[in-house]
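Worksheet for the structure shown next.
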Amino acid sequence: MDKSTKEHWNEIYTYLDADELTWYEENPEASISLMSKCDINKNEPVLDVGAGESTFIDHLIDQGFKDIIAIDISEVALNKLKERLGEEKASLVRWIADDITRPVQTRNLSDIALWHDRAVLHFLLDEEQQDAYLSTLKKVVKKDGYVIIATFSLKGAQKCSGLEIKNYDHNMLAKFLGDNFSLLEFFDYTHHMPSGEPRPYIYTLFQKNK
Ligand SMILES: C[S@@+](CC[C@H](N)C(=O)[O-])C[C@H]1O[C@@H](n2cnc3c(N)ncnc32)[C@H](O)[C@@H]1O
């Protein structure tokens, strides 16, 4: 991804309020439901890649997680999320402005107990970008660690925020992660955009093998 991708996302977050974003959800219930199946110690590092202004970060804070990492290509998104959380809650989060297809700081992380991605992987169309994402995930997620990936499903839209996306089902995501990850659970989930229109997603939960 080049500078224009970063600019694309910065512009979106500059001009739209959180609840105007088509992917906005007040309650990240599908992610929460998958996370409830994970056995994670609250002191372990958990990360949200492409966090944007996601309310999933609020959930992690409210649940008492002590090492939360929010990563996004857009520093505008991260700054807006920080502002919404307020100083005290924002100080509980490690903030990383990184392009997951050219990660710098993210590559230095380790022992991640949960990698959470809602609606980021599907923007990576080139094999090179997907490889960079995957090699980073494999490097930083600990053995036994969990991976939640949610993308537009095969029944879903083919574009988001003006960008082409790649649609997935659970088998494609399992193949993408490879043999070292076991698929624990998956389901279709329909997100309703602020306009009320449906957006079908596939939600998956994997665990890295020992
Ligand atoms: C559709 S939004 C989803 C935001 C958030 N996960 C949520 O569910 O509300 C996609 C997010 O991925 C971020 N993003 C896109 N490409 C990225 C990349 N290469 N590296 C890191 N973040 C990226 C965007 O800035 C945006 O915040």
Members of segment 98-140 found to be hydrophobic (A, V, I, L, M, F, W, C) and under 27 Å from Arg199 (Cβ atoms), listed by number: Ile100, Leu114, Trp115, Ala119, Val120, Leu121, Phe123, Leu124, Leu125, Ala132, Leu134, Leu137
Out of Asp48, Asp58, Asp39, report the one residue that is more than 17 Å from Ala119 (Cα to Cα) and either part of a strand (DSSP E or B) or within 12 Å of the ligand (Cβ to nearest atom) (or both). Asp58
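Residue-wise test of (1) within 11 Å of the ligand (Cβ to nearest atom); (2) crowded, with 21+ Cβ neighbours inside 10 Å; (3) touching a residue at least 60 places away in the same chain (Cβ under 8 Å).
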site	(1), (2), (3)
Asp62	no, no, no
Ile68	no, yes, no
Gly86	no, no, no
Lys89	no, no, no
Gln129	yes, no, yes
Among what's in segment 28-60 and is polar (S, T, N, Q) and farther than 16 Å from Val141 by Cα, pick the residue that is least open to solvent (accessible area, probe 1.4 Å). Ser31
First in segment 181-210 and basic (Lys, Arg) and in a strand (DSSP E or B), second anywhere and open to solvent by 70 Å² or more (accessible area, probe 1.4 Å) and modelled with pLDDT of 95 or more, Cβ under 6 Å, 6 or more apart: Lys208/Lys143
Restricting attention to segment 155-168, which residues are in a loop (DSSP other than H, G, I, E, B) and either closer than 23 Å to Gln207 by Cα or not hydrophobic (A, V, I, L, M, F, W, C) (or both)? Lys155, Gly156, Gln158, Ser161, Gly162, Lys166, Asn167
Looking only at residues that are surrounded by fewer than 19 Cβ atoms within 10 Å (Cβ to Cβ) and part of a loop (DSSP other than H, G, I, E, B) in segment 99-124, which one is nearest to the ligand (Cβ to nearest atom)? Arg102
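The values are calculated or read from the model by the stated rules, or taken from the named source; none is laboratory data. Remember, it's a predicted structure, so these values are computed and weren't measured experimentally. Don't worry about glycine lacking a Cβ; one is built from the backbone with ideal geometry, like all the others, and counts go over all protein chains shown. For the accessible areas, the whole protein counts, side chains as well, though only heavy atoms, and no ligand, DNA or RNA atoms are used. Shrake-Rupley method; radii C 1.70, N 1.55, O 1.52, S 1.80 Å.
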